[in-house]
Every structure is written in structure tokens, then in C-alpha cells.
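For reference, the structure discussed in these notes is given below.
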Amino acid sequence: MPGLVDGQWVRGDIAESEIHGGAFEREPTRFRRWITPHGTPAPADDTPLAAEAGRFQLFVAYLCPWASRTLIARRLKGLESLIPVSVADAVLGEDGWTYSEPQDAGPAIAPVTRHHQLYTATEPRYTGKVSVPVLWDRQAGRIVNNESADILRMLNTAFDHLTGNRLDLYPVPLRGEIDAWNALIYERVNNGVYRAGFARSQASHETAVRALFDTLARIERHLDVHRYLAGRHLTEADWRLFVTLVRFDVAYHGAFKCNVRRIEDYPNLAAYLRELYQWPGIRETVNLEHIRVGYYTNAAINPSLVVPLGPDVDLDRPHDREHLPGEGILERPPAH
Ligand SMILES: N[C@@H](CCC(=O)N[C@@H](CS)C(=O)NCC(=O)O)C(=O)O
């Protein structure tokens, strides 16, 4: 594991339970409840909850690309004062994700120092992986959802009536393109680096690495003539790609052996990465030190736990992407 078995914490190799025949296969996510603007009149366990300021809390780790995309949505959608956030310590250790400062998680449970406490509070006999991000219901003392793709979608719309923010990361006219990019990028890039890094057989590693670099080459060509993945507008697909790109040279290139090329070696991808990093509010969601330390202290892939000092990356250099037409994030028309 490590993880919970029948509500008890069990130590072990990270990702061990997700290795099958030498290949890494991500465990499906378990808590998938939704928040919508008004919920449902008589909430049962599987019906949507109503959006409310201060009721929900995000638990994240800066290492984690999946958590990172929820932090980005929280920032872009202006939800910082409505959804408090708790950030785990940099290192995923024997106790899983931990919080050296006890985190207030609402009146229903005692302050949390171990991330798995959120899981057992929700389901006392929970068995499975204990992951970030978690979207937590402070009032009920339960996990709402621990699937970052769902959380991203919820934050895009559920709180708009409270914030007045109408930015749309998943606009209807672009959904076909966004879905196609998401499918390709999830499989070969976001999860591709994990399949490369956690592979226990040469063949699984090579398959993942080839698919990863073929896809990066394809995106590099696309970005030569398009400002963003879906063209002129920044969408969810870009932010889902960004979270892997920003970790790539610092962590995946070395720790996950994805070392055919660096992102820095692709002119368009490197410039695009800088543009997204420099987008207002985004660099504050990225902690390169946590990323470097976090990946290299994973004993399953780096038993010495020695953390390299480099590489130096400078994401603040000019991005020079203004020559391509781009209109930023689309706004949803005001509701009538
Ligand atoms: N499906 C989840 C995956 C989250 C995930 O795998 N998080 C990793 C960190 S990047 C984690 O917490 N792993 C804990 C472990 O493997 O024990 C999502 O996208 O939200």
C-alpha cells in the first residue's frame, strides 16, 4: 500500500497496490458527490449539496498535479475566501500525507494531522488509497469528492451565483475539443509520466515514455500556430496540461526517468508553460521546492532519498506568445 485497510492505516510502498504485471494502473476514485448552486431539496447521500461560503474545504499537497488543478480552479474562479485550503507537508511519508500544524476541519471532527483521518471520518472501515485532493464538507465532517477532474468542473460553475465570477473553463462550444485533448493528455501525459515512473518492467516503462514524447511532439506542433489547446481561448484542457508541464523538468525528467527531452527543449511548449505560469494568480499555486523534494523522497523510485539541487528553472522569462491570437478565458453570458 500505504493506505487504509478496514479503517486501519497500513504502511508500505507508495503505488504498490497500483502495480499490475509491472505496469502502473491508477486506482479509481471513491467519493464522487457533487456540489451544485442550489443542491437538492432533500439531500440524501448521493444527491448534490448546495454551494455555500465557508462550508467546504480543500485539502491538497503542492507536489500533486491533481491537487494543483483544483487550486488553480479555486484561484481563477475567485473562491479563495469561500473555500479555505489546507496544504499537506512536502513529503509523502510512512503515515501518508500529514499536516504538521493540526488543521481545523470544522466542528464535526478534531483538528487533523493525518490526511487519512478525513477518510475514516467519512467511512470508518474505508479500505483503499488515501489521496489528495479532497473536497471536504466542514459541516457534515465528510469527504464530498476526491476526484480532481470532478472538483475542477464543480468549481467552474457551482459558486458563480455567490461570487459573480463568470469565467468559464469548460465553455459549451469548445467542449468537443476540450474532451478530446483531456482524453489524450490524461492518458499519455498526466498519467503517462506516472506510468513511466512507477513501471516495474522495461516494456511498461518504454511504452509509457514513447507515448508521452510522441504526444509532447504533437502538442509542440499544435502550439506553433495555436495560442492554446482549444485555439484562442484558455480552457480547462490547458490547465490540466500545465500541471504536468510545470513539474516536468524539476521532477519527472529525473525522478520518473522521462529524460528523452526536457520541456525547456521544446520552444513552443516551454513558452506556453511560461505564459500559463505567469497568468495572474497561478505562480502562487505552484511550489517548485515541494515538487522537487516530494517526488525525490519517494522511496519506491529513489531509495537513497537524496534530493538533487537542480535544475534551475526560470519560468518568469518573457513568454513571447503574443504574436498568436488569444483572448484568454471565455466568460459565460450573464444569467437572466
Ligand atoms: N484520481 C485522483 C488521484 C489523486 C492522486 O493520485 N493523488 C496522489 C498524489 S499526486 C496521492 O495522494 N497519492 C497518495 C498515495 O499514493 O498513497 C484525482 O485526480 O484526484
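Observations, loosely collected:
- Of the candidates Gly141, Gly78, Gly128, the single residue that is assigned by TED's automatic domain parsing to the domain that holds Pro48 and within 14 Å of the ligand (Cβ to nearest atom) is Gly128.
- The one condition in (1) part of a loop (DSSP other than H, G, I, E, B); (2) over 17 Å from the mean Cα position of the chain (by Cα) that Glu101 fails to fulfil: (1)
- Of all residues in the range 45-75, those satisfying the criterion of being open to solvent by 20 Å² or more (accessible area, probe 1.4 Å), away from the ligand (no atom under 16 Å from the Cβ) and either in contact with an Asp or Glu (Cβ under 9 Å, 6 or more places away or on another chain) or closer than 16 Å to Asn145 by Cβ (or both) are Asp45, Asp46, Thr47, Pro48, Ala50, Glu52, Arg55, Arg75.
- Of the listed requirements (1) within 16 Å of the ligand (Cβ to nearest atom); (2) under 26 Å from Thr157 (Cα atoms); (3) not basic (Lys, Arg); (4) not in a strand (DSSP E or B), Gly39 misses just one: (1).
- Where a residue in the range 13-42 is under 20 Å from Leu82 (Cβ atoms) and modelled with pLDDT of 75 or more and its partner, wherever it lies, is part of a helix (DSSP H, G or I) and away from the ligand (no atom under 11 Å from the Cβ), with Cβ under 7 Å and at least six apart: Trp34/Met154; Ile35/Met154; Pro37/His161
- In summary, Pro173 fulfils each of the numbered conditions (1) open to solvent by 20 Å² or more (accessible area, probe 1.4 Å); (2) touching a helix residue (DSSP H, G or I) at 6+ places or on another chain (Cβ under 8 Å); (3) outside any loop (DSSP other than H, G, I, E, B) with the single exception of condition (2).
- Residues of the range 104-113 that turn out to be outside any loop (DSSP other than H, G, I, E, B) and touching a residue at least 24 places away in the same chain (Cβ under 8 Å), as a count: 1
- Meets criteria (in a strand (DSSP E or B), of a type in the set (D, E, K, R) and surrounded by fewer than 20 Cβ atoms within 10 Å (Cβ to Cβ)) for Glu80: no
- Some residue of the range 131-138 being open to solvent by 10 Å² or more (accessible area, probe 1.4 Å), in contact with a strand residue (DSSP E or B) (Cβ under 6 Å, 6 or more places away or on another chain), of a type in the set (D, E, K, R) and more than 24 Å from Pro303 (Cβ to Cβ): yes
- Residue satisfying all of: in the range 92-113; open to solvent by 60 Å² or more (accessible area, probe 1.4 Å) and under 23 Å from Arg74 (Cβ atoms); farthest from the ligand (Cβ to nearest atom) among these: Pro107
- Residues that are small (Gly, Ala, Ser) and either assigned to a loop (DSSP other than H, G, I, E, B) or assigned by TED's automatic domain parsing to the domain that holds Ala237 (or both) were ranked within the range 304-328; the one that is farthest from Glu236 (Cα to Cα) is Ser304.
The values are calculated or read from the model by the stated rules, or taken from the named source; none is laboratory data. Note that the structure is predicted; figures quoted are calculated from it, not measured. Cβ: placed from backbone, ideal geometry, glycine included. Neighbour counts: every protein chain shown. Remember, those area values only see protein heavy atoms, side chains included, never the ligands or the DNA or RNA. Shrake-Rupley method; radii C 1.70, N 1.55, O 1.52, S 1.80 Å.
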